[in-house]
Amino acid sequence: DTAVSQTPKYLVTQMGNDKSIKCEQNLGHDTMYWYKQDSKKFLKIMFSYNNKELIINETVPNRFSPKSPDKAHLNLHINSLELGDSAVYFCASSQDLIQPQHFGDGTRLSIL
Amino acid sequence: AQSVTQPDIHITVSEGASLELRCNYSYGATPYLFWYVQSPGQGLQLLLKYFSGDTLVQGIKGFEAEFKRSQSSFNLRKPSVHWSDAAEYFCAVATLNNDMRFGAGTRLTVKP
């Protein structure tokens with residue numbers, strides 16, 4: 001009964017490929033997030049959705065596109081993967097933006 | 001510019017010693033403050049939060065934090081550190097303006 005689950009846990013692929021990471025939460029939260037954590041552990045927010053509406057859209061390449069089919073799901077699609085995309089990507093959810101967030105265990109993306 | 005600063009990248013303490021991790025923020029709006037902990041290979045877990053009221057807040061695992069508006073600080077403390085506290089610690093700030101961000105993190109090492 002994982003609260004925030006993201007798949008896959010590991011993703012190894014080649015430069016130029018397109019890949020997706022899925023995230024689902026069963027907490028009934030209205031807000032979901034995607035973060036990128038680099039090798040130095042720096043955590044950067046990428047996107048946030050509230051009830052399927054985009055509310056935070058930080059400066060990220062437009063190769064990254066979030067999709068929220070319903071408020072329990074927020075998927076991240078990445079086109080034309082580059083070496084610099086290698087990182088751990090975390091999904092999180094909360095009741096709203098000022099409430100504590102629950103994090104998934106991360107997806108480690110490695111670009112060859 | 002709005003920011004969250006954790007001045008200490010890495011701190012080492014002996015088991016049983018006290019701990020203080022620093023967090024400073026720069027926000028124009030009323031901040032909602034959080035501390036999270038990340039163990040290796042896992043997502044972030046909430047330790048405590050401050051919204052309003054008593055400026056000294058208690059969290060899980062024996063942690064506490066004090067909000068000092070005059071110093072724009074929200075430092076995390078623990079009277080006696082255990083070896084299992086070794087982890088990465090993140091301070092985070094959210095506002096009602098749909099803005100939220102994390103500090104760069106402080107890595108805690110615990111010596112036997």
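Nothing in this text is a laboratory measurement; each read-out follows from the coordinates by a stated rule. Since the model is a prediction, treat every value here as computed from it, not as a measurement. For neighbour counting, all protein chains shown are included, and Cβ atoms are generated from backbone atoms with ideal geometry for every residue, glycine included.
Taking the charge dipole of the protein assembly as shown about its Cα centre, with +1 at Lys and Arg Cβ atoms and -1 at Asp and Glu Cβ atoms, the residue from B:VAL110, A:THR2, B:PHE63 reaching farthest to the positive side is B:VAL110.
Over the range B:1-93, the alpha carbon radius of gyration divided by the compact-protein estimate 2.2 N^0.38 Å works out to 1.05. For the protein assembly as shown, the Kirkwood estimate of the hydrodynamic radius, built from every pair of different alpha carbons, is 18.1 Å.
Taking the charge dipole of the protein assembly as shown about its Cα centre, with +1 at Lys and Arg Cβ atoms and -1 at Asp and Glu Cβ atoms, the residue from A:LEU81, A:ILE21, B:ALA94 reaching farthest to the positive side is A:LEU81. For the range A:1-66, the Kirkwood radius over C-alpha pairs fed into Stokes-Einstein at 25 °C and 0.890 mPa s yields D = 180 µm² per second. Given the options B:GLY53, B:GLY16, B:GLY62, which has the most mean-square fluctuation in a GNM of chain B, springs set between C-alpha atoms less than 10 angstrom apart? Largest GNM mean-square fluctuation: B:GLY53. For the protein assembly as shown, a crude dipole built from +1 on the beta carbon of Lys and Arg and -1 on the beta carbon of Asp and Glu, taken about the Cα centre, is about 300 debye to the nearest 20. DSSP finds beta bridges in chain B, and of those with both partners inside it, around 90 percent are antiparallel.
Only Cα sites of chain A enter the Debye sum here, all with the same form factor; the resulting log10 I(q)/I(0) across q = 0.16 1/Å is -0.65, listed in q order.
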